[in-house]
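Each remark here refers to the structure printed beneath this line.
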Amino acid sequence: MSPTTRPLSSRRAAAAILMTLSLAGVSACSVSIGGGSTNQGAATTASQEVASPRQSTAAAQPSTAATGSQAAGSQATASGAPEQSAPAAPAATAGGSAPGAGAQQASGDRPGAQATITDSDWLSDLEGVDRTVSATPSMLLNEANDEVRIEGDVANLNVSADNVTVVVDYVGLLTVTGTNAEVYVKDVDRVVIKGGNAKVVWAGNTPKIEDFGSNTETRQQGSRSS
């Protein structure tokens with residue numbers, strides 16, 4: 001072998017080593033860049049993951065606020081329920097009087113209805129009545145020798161028979177045309193007498209009396225006519 005061959009081989013070997021080192025350096029740089037890119041991606045993903053709960057929480061806040069407002073509205077409705085107005089008191093009847101005033105007024109117009117009967121003739125004839133009947137608006141007694149007790153109110157009572165005894169609660173207009181008639185009435189508004197020997201006794205207020213008969217007696221219980 002010639003002396004010049006060795007130096008060339010050495011140079012080639014050196015060049016090959018340099019080449020190898022150069023390639024190794026490039027490969028190392030490539031790995032480093034890829035790693036850097038990978039690290040950046042991981043960091044970006046991590047930051048997104050951290051931000052996501054915050055965004056979710058922020059997004060949930062309006063719903064929570066709405067729920068709170070609904071609860072507040074419900075509480076307001078619940079608290080407002082007891083503040084409903086109380087039922088109105090019953091209205092007064094016509095004329096400004098309270099219910100029941102009419103009945104009291106009617107009772108005041110008929111003092112005889114509450115009066116205690118003490119007249120001896122009244123009590124004696126009441127014990128001797130033959131029958132008791134219920135009142136009707138208009139009644140006519142035309143049966144002689146009748147002794148009757150009438151319960152209730154009679155608007156128009158006409159006693160036309162003779163020898164009749166009547167005990168009655170209330171009469172609007174009492175007309176006596178028979179003879180020897182005796183009428184005992186708690187309250188009466190008007191009395192018209194056209195028969196003879198008639199007697200009318202009342203317990204309440206003195207009625208309006210029109211006496212066209214003969215030998216008649218009209219008085220309040222417990223008193224005697226002159």
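A compact table of results
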{"quantity": "Derived scalar couplings ³J(HN,Hα) [the stretch 206-219; Karplus, 6.51 cos²θ - 1.76 cosθ + 1.60; whole Hz; x for Gly, Pro]", "calculated": "5, x, 7, 10, 10, 9, 10, x, 10, 6, 9, 9, 10, 6"}
{"quantity": "Loop trypsin sites (Lys or Arg not before Pro), the stretch 189-226, which have at most 11 other Cβ atoms in a 10 Å radius of their Cβ (DSSP)", "calculated": "224"}
{"quantity": "Amide H contacts under 5 Å for residue 115, placed H, 5+ residues apart", "calculated": "none"}
{"quantity": "Segment residue 153-residue 206, length gained on full extension (0.36 nm per residue, minus Cα span)", "calculated": "17.3 nm"}
{"quantity": "Most positive-pole-ward Cα, 129, 148, 158, against dipole of the stretch 126-173 from beta carbon charges", "calculated": "158"}
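Each value in this text was obtained by applying a stated rule to the coordinates, not by laboratory testing. Source: prediction; values computed, not measured. Please note: Cβ atoms are built from the backbone with ideal geometry, for glycine as well, and neighbour counts cover all protein chains shown.
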